[in-house]
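In what follows, a structure is listed as structure tokens, so that the remarks can point back to it.
Values quoted throughout were computed directly from the atomic coordinates according to the rules given, and no laboratory measurement underlies them. All of these numbers come straight from a predicted model, not from anything done at the bench. Don't worry about glycine lacking a Cβ; one is built from the backbone with ideal geometry, like all the others, and counts go over all protein chains shown.
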Amino acid sequence: MTGAGRGELEGTGRVSEIPARATGPEGPANGAQAGAAGAATAHTAPGDTPPGDAVWQSSPPGSIYDYVKVASFSIGPDGLVDQWSLRAEQLLGIPAEAAVGMDPIEAFIDPDQRAGGRRKMTEILDGREWTGVVPFRVPRGPGAAGRDGRRGRHGLAEVYVMPTRTEGGEKAAVCIVVDVRTLRSIETDLAASQAIFGQSPFGFLLIDADLRVRRANQRFASIFGGTPDDHRGRGVHDYLSRAEADRVSATLRRVLETGDSITDMHVTGFLPGSEERRHWSVNLYRVHSGSGRPIGVAWLGTDITARRAAAREAAAARRNLALLNEAGARIGNSLDLETTARQLLDVVVPGFCDLATVDLYQGLLAGDETPPGLADGSAELRRVAFSSAVSAAPFDGTGERVQLGARHHYPFNSPCADALRTARPRSVPAEEGGLVQSTLAVPMVANDTVVGLAQFARAKGSEPFGDRDRDLAVELATRAAVCIDNARLYRREHERALILQRSLLPPGDPEASGLDIACRYLPGNAATGRPSEVGGDWFDVIELPGHRTALVVGDVMGRGLRAAVAMGELRTAVRTLAQLDLEPAEVLSQLDEIARGLGAPGGVQQATRAARRPREADLSEVYLATCIYAVYDSVTRRCTFANAGHLPPVLVEPGETALMLDVPPGLPLGVGGEPFEEVEVELPEGALLALYTDGLVESRDHPLDEGLRAFVGALTDPSRPLEDVCDQILGTLGTHHGEDDIALLMARVQGLPAESVGDWTLPREPRSVGRAREYARTQLQSWGLEPLVDTTELLVSELVTNALRYGEGEIRLRLLLDRTLVCEVWDSGLVQPRRRRARDTDEGGRGLQLVGLLSAAWGSRRTPRGKTVWFELPLPGGDTPLTDPAEALLSLF
């Protein structure tokens, strides 16, 4: 503060008359302060008050003097302080008892500046008025410390000296002192306030307690026109509509009364000369004086019209993204076409539109690859889905009402037909006086193919469709179309796989000699009501020579078309191997080799080499299957089992409880490396045999052991018809059905009666041929089969002759009567007969040709002690006519 310089004692000299010296300890200062306060506070109402109407009133707290901190004291004719105000005591830190009688020059002025100070004091006491800046110091010493403990402080004061006279007419002076630092701070605050208020890029208003604009900045004036002074005295009703102005006024009053600030209050209005609706964000806070008295409300506003528009755009984008996300999660969960279409409408109504329909081409629904008229949009469609949030009546853009599930065509010149032809969305004109005001016809395109049409409509009162809505509608329709097309392709491939699978299963209930058979097949998920998937379960009933029957049940691990194809290959292999009349264990061994070669292009050998290199083996091409193979002989009522990792068969004997047969399980087909074992079981008459797959007894919710116990417990009455037994088992084990296929094969034993069997042993001599003919003739006559006697004698003689010529050991002849007549000739030779075509000049070699011409079927098979050659003849009166032996003989030449 002392750095202001010594020359600052010089001020501006001017003479003025002061009427009288104020009395009292603070008379001069208080009088000046009161006058200034009165001048500062005389006008409090809006506008200017005429001078003649001015009234005297006390200055309220918070006036300008509270900020300036003006102090006063008086100097007597002797140049000493004779009065000292309380404000001077606060400012300079010297109590009145120490200041009165003090020489101000000696007390406050540094020694090197006292000479100039005394000259000024002389001039003042001579009656001259003076104003200037004076460096001062507070003297040290007793009583010189102020209330704040400051001693020896230096400062810079602005002093106003006014000459006056005492009651006796002597010259004196009244001094008013202001701390220069306070003045500089006020000047800085004013400059900053002016800069903030005037240069703010936001609309800035100061609103007084009467809710009138006291001050406006240039930014506000540039928006609403005029200069800042033109807005002085206006209210919010001059800028806003009545309803909006009432709301804002109530808010201003609440801020003024409570002091609670308002942040980001949205205000809507119009600019002068414009019909465009504008939006502002306004912040309000109460303004106080230095003493805390509320004097008004500050208004800080910014135009957020563009921001609001961007926010609406962002909200629309978020809504669209949310809709697309929901569509991705909800559409396509089903492989049913109609369900997928309904899922699309569940997403869009009411989130995107008020009404919606989906039409699909009827030809695609029916499974046609290329329905006629698909390219020009004239093909027949079927309405598969409809949804409405406002009305239950289906709609059509042409005014025609189409019911759900109805087939229809769109007129060629209609927007809907045009959308189908061009694969582009079209707007459909609204019906006059109708419910709908805006409709979009959007083609459903998948893989460059139009599969149908989706219509989205909004009712009157909703916002019409825009470009963004059109793009969203296309995206939603495309997603649904892809799912529908995938469902269509899946259904087509699934139907093909089912046709393949079912074509490989026995048609209906197969027939077998000595067995009453019933079977059931349920594809996976059939019990749960969900779409079934083809699997690898199969069963088969194969008739073998000698009134024997092969019963087969198998299960390829895995699902889908791959498993079904593998099942078909294995089933074909089983039938082929069964016709070779191999033993059950040998059949499974050959199947194991075939299964190991299914996944390798080079067959079994390539699969074996790949198995030696496990790192190079493709596990996805490994085919594993379980299978149980049984051969039942109706003559002996014995059944031979071989098992490859399958569940054990269940046997129910008459009057006994059901039990699982102890058949060694073995390894599944495709694993290799281990031989299979055989188990032979004699089945009593009327016994019930059950073969099945694991889908019947195992599921995710039930363990295998529990399912097996439930299956065995369900076989309580084997005497009931087999069809009823099958239905009872499936009904009882309904809760065990899972996602796997179910194959069930039931067989009731009905052995061939002893009177239907003729069995003879012939010595190895030529006359055995005649004996064989005689045995056959006698047996056929006892059975009443005279029409077969001649043919049977001829064929028996041929087979016995070949056994004598090419076979070994004794000869055995057996005749079996069931649904057909079977003749078997056994010998110990291992050489299998081979049919050849004899030349016209050959005397022999026509025996097997004759057997093939006269019999319905013939063949040979190996036995543990040799071979058996057999032929089969249809019974008289059947569907197959008998062959005349004479004509057969003539046909050989």
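Structure above, values below:
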| item | result |
| --- | --- |
| Contour minus Cα-Cα distance for Arg247 and Ser797 (0.36 nm per residue) | 185.9 nm |
| Global geometry of the stretch 416-482, whether rounded, prolate or oblate, following the gyration tensor of its Cα atoms and the 1.5 cut on a/c | prolate |
| Residues of the stretch 295-310 with amide N under 18 Å of the 7 Å Cα→Cβ point at Tyr285 | 295-302 |
| Highest average packing first - 235-243, 465-473, Cβ atoms within 10 Å | 465-473, 235-243 |
| Inter-label distance for Asp210 and Thr227, nm, one decimal - labels placed 7 Å from Cα along Cα-to-Cβ | 2.2 |
| Difference of contour (0.36 nm per residue) and Cα-Cα distance, Glu170 to Arg492 | 103.3 nm |
| Per-peptide average of other Cβ atoms within 10 Å, ordering 799-806, 408-415 highest first | 799-806, 408-415 |
| Gained length - Gln194 relative to Asp701, 0.36 nm times residue gap less alpha-carbon distance | 174.4 nm |
| The stretch 696-805 - Kirkwood radius from inverse mean 1/r over Cα pairs (Å) | 18.7 |
| Efficiency of FRET from Cβ geometry, Arg638 and Leu659, R₀ 22 Å, rounded to 0.05 | 0.80 |
| Sites Thr449 and Arg312, calculated FRET efficiency, Cβ-Cβ separation with R0 30 Å, nearest 0.05 | 0.25 |
| Set of the stretch 185-228 residues, backbone N closer than 12 Å to the point 7 Å along the Cα-Cβ line of Leu300 | 196-197, 200-205 |
| Calculated FRET efficiency for the pair Ser462/Ser274, C-beta based, R₀ 25 Å, to 0.05 | 0.35 |
| 30 Å Cα-Cα reach of Lys171 towards lysines, excluding residues that sit fewer than 8 places from it in its own chain | Lys69, Lys120 |
| Nitroxide proxy distance, nm - points 7 Å out along Cα→Cβ at Ser782 and Leu321 | 9.4 |
